Every structure is written in C-alpha cells, then in structure tokens.
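Visitor: Could you have a look at this structure, given as structure tokens, before my questions?
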C-alpha cells in the first residue's frame, strides 16, 4: 500500500511538473487547445489562425471581459469572491453556474479536458494562479482569444471574424465583438453571423457594459 501511494505521489509530481513546463512554454510559443488536438486526431477540420493581441480589435477584449470576467484586471487568476458565492449557493446536485475566470478557462482549454468535474476544477484553480503569474494579463487574454471555440471547428478570434463577418479580427466593430462574446457560453448553438432574438438582446447588454469594462491591465 505504501509503495502504491509512493507511485501515485511520483505520478502526481510528474504531472504537476509537466503542466508547469507547458505554462512556461506557452508564454513564448503558439499552443493548440486540447479540443483542437482531439479534432485533429479524429481527422476533423480545424479553422484557426493565431494573431497577436494588437491585431485583434480592442472591442473584442472589452466585450469578452464584460461578458465573461468583469474583474479580470483585478484578480490574480481566480475570483475568490465569486467562487465562494457559487459554492454557497450550490444545491445537492452541485453548483448551478460556474465561477470560471478567463484565466481558468484558458488553462482548461490548453491543458485540461472539457466537461465539469470536481477533479478538473481542483487542478484548474492552482494552474490558473500560476498561469496568471507567468503569462500576465495581456498574454492570458491573447491566448484565450486564440483558442476559444466559436463554432464547430472554429477556434480563435481570427477564424471567427472571417467565418461570421467576412473580415479579419482587427476590423471587428463593437456590435460584432459583442455578438462573438455573447455566443461563447454555447458556441455551437449560437450563430453570431445570424443571431437569434436572444443572442441579439444578450449582445446589446454586453455592448452597453463594454463602455465600463476595465481593460487597464491590457495597456
């Protein structure tokens, strides 16, 4: 039993070191998300072209922060207040909503597996804290905007802008950025190019919040 526990501890340490090495590497290299890799292994198409943050319309970071993580510039990878509120409100079946920050979503997309589980969340939280320290805010958001899924096989802002609006990511206007942000929670069911009434209303709300979004950490 002691030998088995020792082996598990060694495996856990090896996993932590491997993930830490990837976080450091992704500070400098262009990564692919686990979903992209899975699709490529299956032979499914992947639309994606990595672009630096300065070649993405400033409306999109503002829209994503306003929609996904209003305190992005103020926390250090994890919004502890929101996390506590979600856990406090959780019922017998677990939390009814998530408390994932942009940092947490980015490490999940790049290093972990999709779907909800307590184990994944337990790994995701410390990884987000480390990633926020290593990457900083600009790189974190740059990575997020380049690996986020915006439709079946559509990854990143550049591919999404071209697919839905026929333009490059640096030419997105405020409305288009808000539509892309509004589609993120369910990108395969929400089409920013042909928005439903619900998606249009959600985008209008995000567009209004964009004016007050804190993007100071991206400058």
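The values are calculated or read from the model by the stated rules, or taken from the named source; none is laboratory data. Here the structure is a predicted model, which is why all the values come from computation and not from measurement. Cβ coordinates were reconstructed from backbone atoms using ideal geometry, including for glycine residues, and neighbour counts include every protein chain displayed.
Visitor: Only residues that are surrounded by 19 or more Cβ atoms within 10 Å (Cβ to Cβ) and over 18 Å from residue 141 (Cα atoms): list them for the range 203-219, please.
Guide: 203, 207
Visitor: What's the number of the only condition in (1) on the phi < 0 side of the Ramachandran plot; (2) buried (at least 24 other Cβ atoms within 10 Å of the Cβ); (3) out of contact with any strand residue (DSSP E or B) (no Cβ under 7 Å at 6 or more places or on another chain) that residue 155 fails to meet?
Guide: The one condition residue 155 does not meet is (3).
Visitor: Please find, among 174, 159, the residue that is under 29 Å from residue 40 (Cβ atoms), in contact with a helix residue (DSSP H, G or I) (Cβ under 9 Å, 6 or more places away or on another chain) and at pLDDT 95 or above.
Guide: Values: 174 fails: under 29 Å from residue 40 (Cβ atoms).
Exactly one residue qualifies, and that residue is 159.
Visitor: In the range 58-86, how many are assigned to a helix (DSSP H, G or I) and within 28 Å of residue 173 (Cβ to Cβ)?
Guide: First pass over the range 58-86, keeping only residues assigned to a helix (DSSP H, G or I): 59-68, 80-86.
Checking the rest, the ones that are also within 28 Å of residue 173 (Cβ to Cβ) come to 59-68.
So the count comes out to 10.
Visitor: Look through the range 163-202, keep the residues that are crowded, with 16+ Cβ neighbours inside 10 Å and in contact with a strand residue (DSSP E or B) (Cβ under 9 Å, 6 or more places away or on another chain), and return whichever of them is farthest from residue 70 (Cα to Cα).
Guide: Across the range 163-202, the extreme among qualifying residues is 163.
Visitor: Go through the range 33-57 and count every residue that is in a loop (DSSP other than H, G, I, E, B), under 17 Å from the mean Cα position of the chain (by Cα) and either within 15 Å of residue 141 (Cα to Cα) or free of Cβ contacts under 8 Å to residues at least 12 places away in the same chain (or both).
Guide: 5
Visitor: What helices (runs of 4 or more DSSP H) completely inside the range 137-219 contain at least 3 residues that are within 17 Å of the chain's Cα centre (by Cα) and under 16 Å from residue 51 (Cβ atoms)?
Guide: Numbers: elements: 157-165, 174-183, 197-210.
Result: 157-165.
Visitor: A further question follows. Which one of 98, 81 is modelled with pLDDT under 95 and within 15 Å of the chain's Cα centre (by Cα)? Walk me through it before giving the result.
Guide: Working: 81 fails: within 15 Å of the chain's Cα centre (by Cα).
When all the criteria are applied, what remains is 98.
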